[in-house]
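*Asks:* My questions all concern the structure below.
The values are calculated or read from the model by the stated rules, or taken from the named source; none is laboratory data. Owing to the predicted nature of the structure, the values given are computational and were not obtained by experimental measurement. Neighbour counts are summed over all protein chains in view; Cβ atoms, including those assigned to glycine, are modelled from backbone coordinates with ideal geometry.
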Amino acid sequence: MYLKSLHIQGFKTFEQSTTLELSYPVIAIVGPNGSGKSNLVDALRWTLCEQNLRTLRARSMLDLIFAGSATRHPVNYAEAEVVFNNEGDVFGTGTDKVTVARRIFRSKESDFLIDGNDVQLRDVEELLTSTGLGFRHYPFIGQGEMSRIFTMKPEERKGLFEEVAGIAEYKQRKRDTLVKLEETRVNIARVEDLLAELNGNYAHLGLQAAAAREYVDYQSRLRDLDMDIAHARYLSVRREQERATARLAEAQEKMAEVITSLNSR
């Protein structure tokens with residue numbers, strides 16, 4: 001899975017329709033200060049569910065819409081669309097590519113689309129979380145952020161690894177299941193009140209039994225999710241340890257080369 005293209009129109013300084021075709025596996029965008037490089041990254045962040053105005057370098061979402069210039073009129077909406085290569089079916093859609101788009105209008109209405117179909121913000125977040133592109137956007141590394149990662153608190157670093165490893169998706173499912181579990185508990189309480197009121201009427205005992213079975217089912221799902229999280233965390237830590245060992249060996253090798261080069265002068 002990789003990013004194939006970015007299309008923007010009416011976004012910040014990009015008034016006209018602009019499409020960037022990104023060549024896998026390496027792409028670099030260069031240009032003078034003020035040419036819009038940072039706005040391209042903002043467009044990517046925004047399309048992938050970023051809601052933090054400070055991160056988007058805007059005072060309000062309407063600031064993302066092209067406001068006009070000395071020679072051009074303002075536009076009424078901004079849109080951005082990213083296309084991912086999905087040949088390995090990382091997204092689980094069964095298609096060779098996945099398109100995610102976002103629009104905002106001056107009326108403050110906004111749209112999210114997946115493969116051209118209208119969806120909710122939550123749908124896009126779930127799609128991205130399933131791939132490790134979680135909506136906290138660790139794939140975006142700005143100036144100074146690498147050093148920030150190394151100075152993170154243990155719980156913050158744990159959250160980063162969990163999202164990158166896809167554990168966050170399991171935790172979100174667990175939270176959803178807990179919400180349903182609480183709803184089931186409330187329903188059980190209501191059924192118990194009803195049973196007390198009707199003096200143990202046999203017909204209503206069936207409701208209590210059904211609620212109890214549902215409760216047991218959710219408990220079983222929670223146990224399964226806990227096991228999935230534990231397994232994913234183990235694999236994540238193991239992969240991270242292997243990558244760290246490889247990076248250390250590479251750094252030591254490069255340091256040795258530099259020392260050899262300096263000594264030979």
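*Asks:* Just one of 203, 212 is over 30 Å from residue 236 (Cβ atoms), in a helix (DSSP H, G or I), modelled with pLDDT of 70 or more and assigned by TED's automatic domain parsing to the domain that holds residue 236; which is it?
*Replies:* One residue alone meets the criteria, 212.
*Asks:* Can you tell which of 89, 63, 118, 123 is surrounded by fewer than 18 Cβ atoms within 10 Å (Cβ to Cβ), part of a strand (DSSP E or B) and among the acidic types (Asp, Glu)?
*Replies:* 118
*Asks:* Would you mind finding the one in 31, 10 that is free of Cβ contacts under 8 Å to residues at least 24 places away in the same chain and more than 17 Å from the chain's Cα centre (by Cα)?
*Replies:* Numbers: 10 fails: free of Cβ contacts under 8 Å to residues at least 24 places away in the same chain.
That would be 31, the only listed residue that is free of Cβ contacts under 8 Å to residues at least 24 places away in the same chain and more than 17 Å from the chain's Cα centre (by Cα).
*Asks:* Of the numbered conditions (1) at positive phi; (2) exposed (fewer than 11 other Cβ atoms within 10 Å of the Cβ), residue 57 fails exactly one; give the number of that condition.
*Replies:* Just one mismatch for residue 57, condition (2).
*Asks:* Tally the residues that are hydroxyl-bearing (Ser, Thr, Tyr) and surrounded by 16 or more Cβ atoms within 10 Å (Cβ to Cβ), restricting the search to region 19-54. Give the derivation first.
*Replies:* Kept after step one, since they are hydroxyl-bearing (Ser, Thr, Tyr), are these residues of region 19-54: 19, 23-24, 35, 38, 47.
Among the residues that remain, those that are also surrounded by 16 or more Cβ atoms within 10 Å (Cβ to Cβ) are: 47.
Of the residues in that region, 1 qualify.
*Asks:* Could I ask something else about it? Would it be correct to say that residue 95 is of a type outside the set (A, V, I, L, M, F, W, C), touching a residue at least 40 places away in the same chain (Cβ under 8 Å) and within 17 Å of residue 124 (Cβ to Cβ)?
*Replies:* So residue 95 does not fit the description; no.
*Asks:* Whether any residue in region 65-82 is within 19 Å of the chain's Cα centre (by Cα) and hydrophobic (A, V, I, L, M, F, W, C) is what I want to check.
*Replies:* Taking every residue of region 65-82 in turn, at least one turns out to be within 19 Å of the chain's Cα centre (by Cα) and hydrophobic (A, V, I, L, M, F, W, C).
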